[in-house]
Structures are given as C-alpha cells and as structure tokens.
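Read the structure below first, then the notes.
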Amino acid sequence: MKGSMTWEETIKFIRTQPEYKYLVKKAYFEENLALNVERFRKSEEFIETLQLLKKHHPNAKEILDIGSGNGISAIALALEGFNVVTVEPDESDTIGAGAIRKLKAHYNITNLVIHEVFAEEIGFADESFDIVYARQCMHHAYDLEKFVAEASRVVKKDGFFMTIRDHVIFNKKDKEWFLEKHPLHKFYGGENAFKPEEYKNAMEKAGLEVVKELKYYDSIINYFPSSKEDIINMFKVKQSKAILSLDKKIGFLSKFSFIQKMYFRRIGLFKENVYDESRIPGRMYSYIAVKK
Ligand SMILES: C[S@@+](CC[C@H](N)C(=O)[O-])C[C@H]1O[C@@H](n2cnc3c(N)ncnc32)[C@H](O)[C@@H]1O
C-alpha cells in the first residue's frame, strides 16, 4: 500500500473515509473548490499573511504563487487585487492546475495566469515579480537549491520570497519520525522536509537575505487551524487534564496545589516541554527573504 497512490488519488480516497473528515476540511481538500477558497480567505493564517505581505512590501502588485495546488492562495491573492501567476506542475482538476482553471472561471478572474511547470524550471524573465510566495511547497522541491535560485532570479530587487508552512526536521531520526507520523505519506509517499539551515543556506546562496524566520510557535501562519488562544492556553489545559486524572487516582488530595506541583514534576508537565516544538513531527516554519 505504501506510496502506491498518486496525490490526487490520495485526496479522492480520504474524502470517502470518515476518519479523515477533519483533515480534509482543515487542509482545504473538500470537493467544493470555491468553498475551500472562501474558508481560506477568511482564515487567520491568510489574514496574518496579508499583513506581512503589506508590511514588507506595501506597493507589491505582481505575485508568483509557487506550487499552488488547488488554488486556494492564488485565487485569494487575485481576489485581493494582486496580479497573480501560478506555478503548479500537477494538471489535476481536483488538486492541481485544472482546479485553479475551474476557480478562475468560477470567479471570473482576469488577473491570474496559470503555468503547469516545476519551480526548478520556471522560464520567466529575471526580476518579474514583487513577491514570490510558496505555501507548503518548498519542502517538496526536487532540487532545493535550484527551486530557491529560480524563485530568487524572478523576484525584483528589494522584493521578497515568502515561504510558509514548510516542514522542518532537525536530524535523520527526526525525519523518519515525521514521515512515519504524517497522515498521508503512507498513501502517496511524497512527503519531505529539510533542516532550517538547508532552507536558509539555499536562500543566502541564491542572493536572498533571510529577514524573518518564523519558528512553529512564533506565528499562527504555522500553527493554524489552532488559534492564538489555543496556543496560549495549551499549558493551562494540559494542567487541568492532569489534575482531573490525579483526582481519579487520589480523590480530594488532588485539590492541594503542592500535591499538584509534585504530580506535574513527576509526569514532566513543564511549560518548556509543552511548548517544545521538537515534540511535533515535522513542525512547520515560515520565512521571508529579501532580494539583495
Ligand atoms: C502540499 S501542496 C500545497 C498546495 C498549496 N500551495 C496549498 O497550500 O494548498 C504542494 C504542492 O506543490 C506542488 N509541487 C511539488 N513539487 C513542486 C515543485 N518542484 N515545484 C512547484 N510545485 C511543486 C505539488 O504539485 C502540490 O500541488
């Protein structure tokens, strides 16, 4: 079974499986393409992304969206008024260029052009775009340095390359753990991740200056659909759950805070552990890198 399906087959399959219902929704894989776009446009992730785009390049107009998938971000950016060019090698009308074409027609969009090509092979002229944006795509590069070099080549001077929600790993074992835990890798075998240094070195080598590295807990762009409040309350929620389980074991004694503290220590419930991103398989990072 491992890796025997294509990406499109995987998505069509999981749509039929009740246990993947939440994943299908949270990853915008629903059959109704326009519904995915509408949900994405309203998401806190996209709102935060737009704020960053505007902060770092208030006058940006031309955007290249690399690895656009079923078009959620490309369409959302076009609806915001940017002139968008999409690069998506998969022709699928479920999760690829075909889907973006359907959405382009649905919204009657004229400021969006679709290219079915890999990022490593884009043929656009040098310095064509104010911003090159890639959502959950750079970690799929078949040649990371070439991928980033092409993105850098086509971005204008003082423009930037923004990569969001890319899986990062810290060592070989961490990568194996990520692939094992990834919910869809077993179906299509196409997951991947790089070390933060590998992403950053590729950017620096391509003439980009990394001005922002957003680690997992630094931004809702990475941890969405969890909210900022979910993250802030995470430690308290874990403490409450631990107290409940302690109550089942020792009854009223669990009400005493010194006993709770001893119990937290015994089970390793500390803030630094709860917010330790190394406990999340393939945690995601985002980057902004300016063209020098
Ligand atoms: C996880 S999906 C993300 C899709 C979309 N950006 C989103 O966030 O929903 C990764 C996408 O990158 C595309 N892709 C994979 N390798 C690529 C490459 N070398 N160059 C450009 N796109 C690539 C895949 O076809 C896929 O649509």
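The values are calculated or read from the model by the stated rules, or taken from the named source; none is laboratory data. No experiment lies behind these values; they were computed from the predicted model shown. No Cβ is skipped: glycine too gets one built from the backbone with ideal geometry, and neighbour counts run over all protein chains shown. Remember, those area values only see protein heavy atoms, side chains included, never the ligands or the DNA or RNA. Shrake-Rupley method; radii C 1.70, N 1.55, O 1.52, S 1.80 Å.
Treat the chain as a sphere of radius equal to its Kirkwood radius over Cα pairs and apply Stokes-Einstein at 25 °C in a medium of 0.890 mPa s; give the translational diffusion coefficient in µm²/s, rounded to a whole number.
This corresponds to a translational diffusion coefficient of 119 µm²/s.
For region 106-194, which whole percent of the accessible surface, found with a 1.4 angstrom probe, sits on carbon and sulfur atoms?
Carbon and sulfur atoms account for 50 percent of the accessible area of region 106-194.
Please report the equivalent ellipsoid semi-axes of region 1-84, computed as sqrt(5 x eigenvalue) of the Cα gyration tensor, largest first, in whole Å.
29, 14, 11
Using Cα atoms only, what is the angle between the long axis of helix 257-267 and the major principal axis of the chain, expressed in degrees (0 to 90) to the nearest 10?
Roughly 60 degrees, rounded to the nearest 10.
Return the FRET efficiency for the residue pair ARG279, GLU19: r is the Cβ-Cβ distance, R0 is 25 Å, and the value is rounded to the nearest 0.05.
That gives a FRET efficiency of 0.60.
Rounded to whole Å and sorted largest first, list the principal axis extents of the Cα atoms in region 159-269.
Cα extents, longest axis first: 62, 34, 23 Å.
Starting from the 7 Å offset along Cα-to-Cβ, what nm value, one decimal, do you get for the label separation of LYS255 and ILE47?
Each label point is offset 7 Å from its Cα along the Cβ direction, giving 4.1 nm.
Loop-only check: which trypsin sites (Lys or Arg not before Pro) in region 61-141 are DSSP coil with at most 13 other Cβ within 10 angstrom?
LYS61
Please compute the Cα-Cα pair-distance distribution of region 65-196 with 5 Å bins starting at 0, giving whole percents from short to long.
2, 10, 18, 22, 19, 14, 9, 5, 1, 0
Compute the acute angle (0 to 90°) between the alpha-carbon long axis of helix 144-154 and the principal axis of greatest extent of the alpha-carbon atoms of the chain; round to the nearest 10°.
Tilt of helix 144-154: around 50 degrees.
Kindly provide the helix-only [θ] at 222 nm of the chain, computed as the sum of -39,500 (n - 2.57) over DSSP H runs of four or more divided by all residues, to the nearest 500 deg cm²/dmol?
Calculated at 222 nm, the ellipticity per residue is -13000 deg cm²/dmol.
Once Rh is set to the Kirkwood radius over Cα pairs, what Stokes-Einstein translational diffusion coefficient, in µm²/s, holds for region 228-277 at a temperature of 25 °C and a viscosity of 0.890 mPa s?
In µm²/s, the coefficient rounds to 216.
Please work out the average accessible area per residue across region 228-277, using the 1.4 Å probe convention, and give it in Å².
Counting only protein heavy atoms, the per-residue value for region 228-277 is 76 Å².
What is the distance in Å between the Cα centres of region 165-206 and region 16-63?
Region 165-206 and region 16-63 have Cα centres separated by 22 Å.
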